[in-house]
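Undergrad: Have a look at the structure that comes next, please.
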Amino acid sequence: MSLGQNFQVNLSGVIRLLSDHLYGGPEVYARELLQNGVDAITARRLLDPTHHGTIRVEVVESEDAKTILVEDNGIGLTESEVHQFLATIGQSSKSGDFSRDDFIGQFGIGLLSAFVVSDEITVITQSAREPGAAVEWKGRVDGTYAVRLLDQSLSPGTRVYLRAKEGKEEFFTAEKVKGLLCHYGHHLPHEIQLEIDGNVESINEDAPWSDGGLSRSNQELLDYGKEVFGIDFLDAIPIASETGRVSGVAYVLPFSVSPASRQSHRVYLKQMLLSESVDGMVPDWAFFIRCVVNSDRLRPNAAREAFYEDDLLEQTRAEIGQCLKTYLTGLAENHRAKLDRIIRLHYLPIKALAVEDEEFFRLFIQWLPFETSIGSITLDEYFSEEHFGPEATLRYVRDLDQFRQIASVAGAQGLCVFNGGYTYDADLLDLVAEEFPSRDIRAIDATDLVQNFEELTFEEQQDAFDLVKLADLVLQKYKCSAEARKFDPAELPTLYTASESATFMRSVEQSQEDADELWGGILNNVASAVGNDGYAQLVLNYRNPLIRRLIRIDDEKLHKRIIEILYLQSLLLGHYPLSSSERTILGDGLLGLIEYFLGE
Amino acid sequence: MSSDYSELYERLYQSDGREELAIYEELIRLADSNKDLPTAYDFRSAYCSRACEEGFPEKGIVAFSWCLAQYDKDPSLDDPYNLIWQYKVMLELIPIFETVTRDQIIKMQEDMAKRLAWMGETERTAHYYRSWNLMRMGDYEKAAEFQETYLGMTRTGMSDCDACERDRQVELLVRMHRDEEALQKGKTIMEGKMYCGEVPEFTNGHLVKALARLGKEEEATKRATKGYELIRRERKYLGTIGDLMLITVRNRDFNLGMRQVTKHLPWVVDSAAGELKYRFLNAVALFFEALSKDKPRTTKVRIPRELACYRKGDSYDMGELAAWFAEETRRYADRFNQRNGNSRYDEMIRDNREIAALD
């Protein structure tokens, strides 16, 4: 079998593919041409470090055609290089003699992007390495090209001429071209000139990281952030990473964001804009940060809109994370007011970091706010003399649902229960217990709370005996036990509490109502793996006048009805959906009561 | 959508982990109370996926069962493809509960096979799960036969991704001690060329065993370290964390081991999935055993109060602790062996001792 045949490549198809899927849009032609120019200058400066690089862009608009010339005074190409690099897709001139790290481009597909806006590209180039005649290369979108030697030699460098293809004229207007050059190239280290109607202007601007951000005041950095992101940030932090050769500015967002929100950072590669929405430049916990950074080392992907997820990027991220940590630590020591403001807004990411980082945890834990049954409180406040004192027991529930069940009642008793149901909070409280073993910190269940309610005296127990016994019996079929205690607020007649597993069992029973035999059995067996640590509890409040009156009534039938209705009411108050048997009480119980009163 | 929903939605967006699940539970309660069946279905369906992702498969299974029953009554509630995708996840999770019987697993697998056939699917996916369940229940030879069958069939829209399928092949080879072949099969995963949301996360747990058995110490350590970094915050990988900890024990890295035990032991308390607990508890038992041999003295360890071995004061004799965890591991092994009708879980305990370099 002969393997001497080559694939035929349909260039216009490839270009359509690139423009639709690889590149963000036709605008990237400007980025790719600038990049080629910068790389050519870099190559020439490796031969002659004193060489002053310039890229000149000229826009020529006439009635019948719109043309752009992009000219650089870089290394240029010889005739054989033109054949080798301009006519072979995927062949990059930057993969040979020089280290790839020196260049922005490396895939050999940059010039192709010009076909997205132009049907024909003309390149005239003069090599700085080999004197001789200049070379002209004309390539067409149909995949054909021609090369010829010109009669004369020119100054070294490359000129690329593009003529707008039908429908793409908008990318060739003076305004658009200027916008694109500024967008991608305003921080480039070489001079970028734009010539329109004979007027030449420079588009270069100093980058905020040009000297490690040292010469810019904090306000100037914030102004720059406002210009770039349109946001009045809380603070600006100069950041750097030696590994990724990264420098730039991190900004603290002035509003809270979700941990799941996408981090969009503006990232430059060797001072050319790579993308305005690069993800993954900072550690996951730093989702309250937006950055503008330049890297001279990280590796971009072929679409040039993100970096490769490799060890280099991971290490860089860790170093940027260290900068942010140092900043927060510095605030803790010198700018508490600013830190408090940041904590109020961004306690979530700060808690996320505290869970992961011991040193950070020790530094910040006392200032982080926790939700409790008596409002938001920090550990510093909780253990202070004016609150509960350094010897106080800290109780927390691990589950949001449990907290919801007990918060108002615990609050009314002046009992402070921490909500460990929020992201990171239970982890942090566990760590507090580990870090400060002398402190009594314990996770409790909603049912444990009842143990803190005031017990009935002997006489009171005798008084409530019959009612509690009956309630216990009536509620047995709902897997709920009854008990009488004294608690505030006195207006609340009953409190329904269920442990996490009892709540889970309710959901199992609810699913079983509609399940077939197979799934009914599976649910039973899955539920047995969870285990049930007991019944739910209905606590009757002996301080409540209604309960006291109920004790005095001597009518068992009425008692049963009322107990069921009180049970239902406490379920509804807790937003528990009713099972079918509970729904029956709602109907029968209410009707029964109506009948009873009408009968009276 | 009522304002109650909107407020909860806002909180949902800000949350993750247990908090997110609690908000979903509240949304479900609200939809149930409003008798809003389509919304209750959508919330449960989303909750099911999130609960499984967050490492609470029992909650996911309960929600799925409800969805399935409602769907069977009113198929307009969901796209059948969505439902079957969730069914696939359930089928993957169900064998890790030792309380679910072999008969129930087979019936569930065949129920899904019928639904797939009804949708015009080939038997490939059904065979895939037959192989999966047989592997988890210790019948490796038959699992390999089904694997060969489905690999010979054309993939369909219901097939798992390439990376997941490759992971299953690697796992079966490692379970069968065909370590060289496992490494060969897992090469593209190890090189990072084949990956998905759960690969190499799961695969690392299998590969470290093969690497250790072949004496590739450095590679095993490197893979265990990197693998642990990837999954240390995710409860659903509790079993894999146990697998990776075998290398910690093998290396007698007591500092790392103690950190791993302290961080993940609380997960055992509220985990219902016996197989994940078994794998982790086994690694903990081996860790304490190795520690007791190296440092035979009382040591402070943070053991959750809920575990019966908890002692006030936090000081423990390492040998006693090792024995307690070994006994717990055995308890799970016995239940799985009884369910599966073989003694594979005893074999795994022996294998793990060898990997942890304990005789």
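Undergrad: Among the residues of the stretch B:26-39, which ones are more than 10 Å from chain A (Cβ to nearest Cβ), assigned to a helix (DSSP H, G or I) and surrounded by fewer than 17 Cβ atoms within 10 Å (Cβ to Cβ)?
TA: Selection gives B:Leu37, B:Pro38.
Undergrad: Sticking with this one: Would you tally the residues in the stretch B:40-55 being assigned to a helix (DSSP H, G or I) and either touching a Cys at 6+ places or on another chain (Cβ under 9 Å) or within 13 Å of chain A (Cβ to nearest Cβ) (or both)?
TA: 11
Undergrad: Right, another one. Out of everything in the stretch B:86-113 that is of a type in the set (Val, Ile, Thr) and within 11 Å of another protein chain (Cβ to nearest Cβ), what residue ends up being surrounded by the most Cβ atoms within 10 Å (Cβ to Cβ)?
TA: Within the stretch B:86-113, the match that is surrounded by the most Cβ atoms within 10 Å (Cβ to Cβ) is B:Val100.
Undergrad: List the number of the failed condition for B:Glu58; all other conditions in (1) touching a residue at least 40 places away in the same chain (Cβ under 8 Å); (2) more than 9 Å from chain A (Cβ to nearest Cβ) hold.
TA: (2)
Undergrad: Here's something else I'd like to know. Determine whether the stretch B:295-305 contains at least one residue that is surrounded by fewer than 16 Cβ atoms within 10 Å (Cβ to Cβ), on the phi < 0 side of the Ramachandran plot, touching a residue at least 40 places away in the same chain (Cβ under 8 Å) and of a type outside the set (Gly, Ala, Ser).
TA: Checked against the condition, which is being surrounded by fewer than 16 Cβ atoms within 10 Å (Cβ to Cβ), on the phi < 0 side of the Ramachandran plot, touching a residue at least 40 places away in the same chain (Cβ under 8 Å) and of a type outside the set (Gly, Ala, Ser), the stretch B:295-305 yields at least one hit.
Undergrad: Kindly list the number of the only condition in (1) of a type in the set (Gly, Ala, Ser); (2) part of a helix (DSSP H, G or I); (3) under 17 Å from the mean Cα position of the chain (by Cα) that fails for A:Ala337.
TA: Going through the list (1) of a type in the set (Gly, Ala, Ser); (2) part of a helix (DSSP H, G or I); (3) under 17 Å from the mean Cα position of the chain (by Cα), A:Ala337 breaks only (3).
Undergrad: Among the hydrophobic types (A, V, I, L, M, F, W, C), more than 25 Å from the chain's Cα centre (by Cα), closer than 25 Å to A:Leu34 by Cα and surrounded by 13 or more Cβ atoms within 10 Å (Cβ to Cβ) - does that describe any residue in the stretch A:203-214?
TA: Among the residues of the stretch A:203-214, at least one is among the hydrophobic types (A, V, I, L, M, F, W, C), more than 25 Å from the chain's Cα centre (by Cα), closer than 25 Å to A:Leu34 by Cα and surrounded by 13 or more Cβ atoms within 10 Å (Cβ to Cβ), which makes the answer yes.
Undergrad: Find the residue count for the stretch A:503-546, including only residues that are among the aromatic types (Phe, Trp, Tyr), under 25 Å from A:Gln402 (Cα atoms) and at the interface with chain B (Cβ under 10 Å from one of its Cβ atoms).
TA: Within the stretch A:503-546, residues that are among the aromatic types (Phe, Trp, Tyr), under 25 Å from A:Gln402 (Cα atoms) and at the interface with chain B (Cβ under 10 Å from one of its Cβ atoms) number 1.
Undergrad: Something else about it: Tell me, which residue of the stretch B:250-307 that is assigned to a loop (DSSP other than H, G, I, E, B) and closer than 21 Å to B:Arg335 by Cα is farthest from the chain's Cα centre (by Cα)?
TA: Among those residues, the one meeting the criterion is B:Leu307.
Undergrad: Still on this model: Would it be correct to say that B:His127 is modelled with pLDDT of 95 or more, outside the structural domain of B:Gly341 (by TED's automatic domain parsing), assigned to a helix (DSSP H, G or I) and over 23 Å from B:Glu347 (Cα atoms)?
TA: Yes.
Undergrad: Would you check which residues across the stretch B:5-25 are at the interface with chain A (Cβ under 7 Å from one of its Cβ atoms) and farther than 20 Å from A:Gln510 by Cβ and list them?
TA: Within the stretch B:5-25, B:Tyr13, B:Gln14, B:Ser15, B:Asp16, B:Gly17, B:Arg18, B:Glu19 meet the criteria.
Undergrad: Same structure again: Would the stretch B:324-332 turn up any residue that is within 23 Å of B:Lys222 (Cβ to Cβ), within 14 Å of chain A (Cβ to nearest Cβ) and surrounded by 14 or more Cβ atoms within 10 Å (Cβ to Cβ)?
TA: No, the stretch B:324-332 has no match at all.
Undergrad: Next question, about the same structure. As an exercise: evaluate A:Ile196 against (1) surrounded by fewer than 16 Cβ atoms within 10 Å (Cβ to Cβ); (2) modelled with pLDDT under 90 and give the number of the one condition it does not meet.
TA: Failed condition: (1).
Undergrad: Taking the stated definitions as given, is B:Arg350 touching a strand residue (DSSP E or B) at 6+ places or on another chain (Cβ under 8 Å) and either within 14 Å of chain A (Cβ to nearest Cβ) or modelled with pLDDT of 95 or more (or both)?
TA: Answer is no for this residue.
Undergrad: Could you tell me whether the stretch A:382-394 includes any residue that is touching a residue at least 60 places away in the same chain (Cβ under 8 Å), assigned to a helix (DSSP H, G or I) and either surrounded by fewer than 17 Cβ atoms within 10 Å (Cβ to Cβ) or over 19 Å from the mean Cα position of the chain (by Cα) (or both)?
TA: No, every residue in the stretch A:382-394 fails to be touching a residue at least 60 places away in the same chain (Cβ under 8 Å), assigned to a helix (DSSP H, G or I) and either surrounded by fewer than 17 Cβ atoms within 10 Å (Cβ to Cβ) or over 19 Å from the mean Cα position of the chain (by Cα) (or both).
Undergrad: How about the stretch B:61-99: which of its residues are among the β-branched types (Val, Ile, Thr) and either touching a residue at least 40 places away in the same chain (Cβ under 8 Å) or farther than 22 Å from A:Ala502 by Cβ (or both)?
TA: B:Ile84, B:Val89, B:Ile94, B:Ile96, B:Thr99, listed by residue number.
Undergrad: Is at least one residue of the stretch B:271-287 without any contact (Cβ under 8 Å) to a residue 40 or more places away in the chain and of a type in the set (D, E, K, R)?
TA: No, every residue in the stretch B:271-287 fails to be without any contact (Cβ under 8 Å) to a residue 40 or more places away in the chain and of a type in the set (D, E, K, R).
Undergrad: For the stretch A:412-447, what are the residues that are under 17 Å from A:Glu483 (Cα atoms) and either within 12 Å of another protein chain (Cβ to nearest Cβ) or aromatic (Phe, Trp, Tyr) (or both)?
TA: A:Asp445
Undergrad: While we're looking at this one, here's another question. Out of (1) surrounded by fewer than 19 Cβ atoms within 10 Å (Cβ to Cβ); (2) touching a residue at least 24 places away in the same chain (Cβ under 8 Å); (3) on the phi < 0 side of the Ramachandran plot, the odd one out for B:Glu229 is which?
TA: So the condition that B:Glu229 fails would be (2).
Undergrad: Which one of these is assigned to a helix (DSSP H, G or I), more than 12 Å from chain A (Cβ to nearest Cβ) and within 16 Å of A:Ala515 (Cβ to Cβ): B:Leu116, B:Leu83?
TA: Exactly one of B:Leu116, B:Leu83 is assigned to a helix (DSSP H, G or I), more than 12 Å from chain A (Cβ to nearest Cβ) and within 16 Å of A:Ala515 (Cβ to Cβ), namely B:Leu83.
Undergrad: Out of the stretch A:557-574, which residues are touching a helix residue (DSSP H, G or I) at 6+ places or on another chain (Cβ under 7 Å) and either more than 14 Å from chain B (Cβ to nearest Cβ) or free of Cβ contacts under 8 Å to residues at least 12 places away in the same chain (or both)?
TA: A:Leu558, A:His559, A:Lys560, A:Arg561, A:Ile562, A:Ile563, A:Glu564, A:Ile565, A:Tyr567 - these are the residues of the stretch A:557-574 that are touching a helix residue (DSSP H, G or I) at 6+ places or on another chain (Cβ under 7 Å) and either more than 14 Å from chain B (Cβ to nearest Cβ) or free of Cβ contacts under 8 Å to residues at least 12 places away in the same chain (or both).
The values are calculated or read from the model by the stated rules, or taken from the named source; none is laboratory data. Note that the structure is a prediction, hence the values are computed from the model and not measured. No Cβ is skipped: glycine too gets one built from the backbone with ideal geometry, and neighbour counts run over all protein chains shown.
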